[in-house]
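Asks: Before we start, here is the structure in question, set down as structure tokens.
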Amino acid sequence: MPSGLAPIIPVTLKKDDSPEDLPQHLAIIMDGNGRWAKAGGQARVQGHRRGVDAARQATTLCGEVGIPYLTLFAFSRENWRRPDEEVHFLTQLLALSLEKELGRLHENGVKLNIIGDPSSFGRKLAKTIDSAVDKTSNNTNLTLTIALNYGARQELLTAARRLAESCVANELSPQAISESDLEGALDTHGLPDPDLLIRTGGEVRLSNFLLWQLAYTELFFTDVLWPDFNEAIFWDAIAAYQRRQRRFGRIGEQIESQSGGR
Ligand code: FPP
């Protein structure tokens with residue numbers, strides 16, 4: 001928290017206080033780094049540097065309030081279309097940030113998980129990722145999933161191919177394929193679906209992020225640019241989530257009779 005500022009909501013809330021009111025899985029599309037830098041007359045990459053600080057803050061807040069799953073969209077398959085220098089900078093920044101933060105993540109019980117295909121970033125980053133995932137694999141406080149070279153359509157295609165191969169091998173019959181079979185073939189297998197998605201940066205779209213998993217997720221869009229993400233915006237999003245009534249296809253009266261209706 002910036003010095004001199006009182007917390008917006010004192011961070012004493014714990015998962016067990018009111019677990020039904022907090023999202024258990026928060027997913028974030030961190031957009032607006034480039035525009036943030038440009039607005040301050042800086043090179044785009046400076047926005048990415050500040051973006052890492054914002055990602056650290058989001059992780060800390062989830063840990064403090066007891067949100068056990070956080071998923072960050074750090075690099076999409078489409079991001080390869082950016083200038084080579086920016087892609088190179090992002091690759092270096094991700095490797096450096098991971099090396100720098102690993103100790104603190106591990107001490108705080110954070111389990112690192114990667115979705116997408118990080119092998120395309122070269123052997124150095126892939127090795128750093130492998131050892132970080134390995135080191136933190138038994139941690140249980142917070143699962144931090146970073147989407148790297150990730151695209152939801154590609155993830156679904158790969159899952160469809162896996163299931164087709166199981167059918168060809170007579171391990172599965174096409175008629176018997178269930179939602180949980182498909183979920184088990186996705187990169188996100190083992191993770192609950194996100195309850196809340198935050199997208200910063202003013203765009204109102206999903207950009208090929210977790211298309212299957214976001215089917216019933218509450219969406220929160222803000223014009224705030226990612227480097228300016230802070231505790232106040234975090235709580236704005238949580239408060240918006242808490243005002244929503246999640247019906248999953250049912251009608252409002254059914255929810256109210258079951259839970260007093262949130
Ligand atoms: C979006 O801003 C951000 C990215 C493409 C990804 C980079 C994210 C970070 C460096 C945050 C840190 C993440 C981790 C997990 C360490 P943009 O460049 O698309 O911004 P623009 O829309 O203003 O151009």
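Asks: Got a sec? Charge dipole of the chain, +1 on Cβ for Lys and Arg, -1 for Asp and Glu; which of Ala232, Val45, Thr158 is way out at the positive end?
Replies: Val45
Asks: Also: Compute, for region 219-262, the length of the dipole vector about the Cα centre, with Cβ point charges of +1 (Lys, Arg) and -1 (Asp, Glu) only. Units Debye, rounded to 20.
Replies: Taking the Cα centre of region 219-262 as origin, the dipole is about 360 debye.
Asks: Return the long-range amide H neighbours of Leu225 (sequence gap of 5 or more, or a different chain), with a cut-off of under 5 Å between placed amide H atoms.
Replies: It is Gly201, by chain and number.
Asks: Oh, and also: Below 8 Å, C-alpha to C-alpha, sequence gap of six or more: please give me the relative contact order for the chain in percent.
Replies: Result for the chain is 25 percent.
Asks: Amide H to amide H under 5 Å from Gly151: which residues, 5+ apart in sequence or cross-chain, H placed 1.01 Å off N in plane?
Replies: It is Arg77, by chain and number.
Asks: Also, I was wondering about something else. Contact order normalised by length for region 92-229, with contacts defined as Cα pairs under 8 Å and 6 or more residues apart; what percent is it?
Replies: 21 percent.
Asks: So which DSSP H runs in the chain come out at 20 Å plus along the axis (Cα) with average Kyte-Doolittle of at least 0.5?
Replies: Sorted by number, there is nothing, because no helix extends far enough and scores high enough.
Asks: Only loop residues by DSSP count here, and only those with at most 12 other Cβ atoms within 10 Å; note down the chymotrypsin sites (Phe, Trp or Tyr not before Pro) in region 151-231 that meet that.
Replies: Taking region 151-231 and a limit of 12 other Cβ atoms within 10 Å, the loop chymotrypsin sites (Phe, Trp or Tyr not before Pro) found are Tyr216.
Asks: Now for a different question. Taking the dipole about the Cα centre of the chain, with the C-beta of Lys and Arg at +1 and of Asp and Glu at -1, give me whichever of Ser180, Thr200, Gln92 is farthest to the positive side.
Replies: It is Gln92, whose Cα lies furthest towards the positive end.
Asks: Looking at region 162-212, which trypsin sites (Lys or Arg not before Pro) are DSSP coil and have at most 15 other C-beta atoms within 10 Å of their C-beta?
Replies: Those satisfying the criteria are Arg205.
Asks: Send over a whole-number figure in Å² for the accessible area per residue of region 116-262, probe 1.4 Å.
Replies: Heavy-atom SASA per residue in region 116-262 reads 54 Å².
Asks: Per the Cauchy relation, a quarter of the hull surface: what is the mean projected area of the convex hull of the alpha carbons in region 50-187, in nm²?
Replies: 9.8 nm²
Asks: Still on this structure: If you average the sequence gap of Cα pairs under 8 Å that are 6 or more apart and divide by the length of region 159-262, what percent do you get for the contact order?
Replies: RCO, region 159-262: 19 percent.
Asks: Okay, moving on. Work out the length of the dipole vector of the chain about its Cα centre, built from +1 on the beta-carbon of each Lys and Arg and -1 on the beta-carbon of each Asp and Glu, and round it to the nearest 20 debye.
Replies: So the magnitude is around 640 debye.
Asks: For region 144-262, which whole percent of the accessible surface, found with a 1.4 angstrom probe, sits on carbon and sulfur atoms?
Replies: 49 percent
Asks: So how many Å³ per residue does the convex hull of the Cα atoms of the chain work out to?
Replies: 157 Å³
Asks: Taking the Cα centroid of region 72-147 and of region 33-64, what is the distance between the two, rounded to the nearest whole Å?
Replies: 16 Å
Asks: How big is the dipole moment of region 23-123 about its Cα centre under a simple scheme where the beta carbon of each Lys and Arg is +1, that of each Asp and Glu is -1, and everything else is neutral? Debye, nearest 20, please.
Replies: 180 debye
Asks: Then there's this: Pop out the ³J(HN,Hα) list for region 179-186 in order, Karplus 6.51 cos²θ - 1.76 cosθ + 1.60 with θ = phi - 60°, rounded to Hz; leave Gly and Pro as x.
Replies: With the stated coefficients, region 179-186 comes to 4, 6, 5, 5, 4, x, 9, 7 Hz.
Asks: Could you count how many Lys pairs in the chain have their Cα atoms under 24 Å apart, skipping same-chain pairs fewer than 8 positions apart?
Replies: The number of close lysine pairs in the chain is 11.
Asks: So, one more: Tell me, what HN-Hα J-couplings in whole Hz come from the Karplus equation 6.51 cos²θ - 1.76 cosθ + 1.60 at θ = phi - 60° for each residue of region 114-122, using x for Gly and Pro?
Replies: 10, 10, x, 10, x, 4, 5, 7, x
Asks: Whole-Hz Karplus ³J(HN,Hα) for region 26-41, in order, using 6.51 cos²θ - 1.76 cosθ + 1.60 and θ = phi - 60°, x for Gly and Pro?
Replies: 9, 10, 9, 9, 8, 10, x, 4, x, 5, 4, 5, 4, 4, x, x
The values are calculated or read from the model by the stated rules, or taken from the named source; none is laboratory data. These numbers were taken from a predicted model, which means no experiment stands behind them. Cβ coordinates were reconstructed from backbone atoms using ideal geometry, including for glycine residues, and neighbour counts include every protein chain displayed. Surface areas here come from the heavy atoms of the whole protein model, side chains and all, with no ligands, DNA or RNA. Shrake-Rupley method; radii C 1.70, N 1.55, O 1.52, S 1.80 Å.
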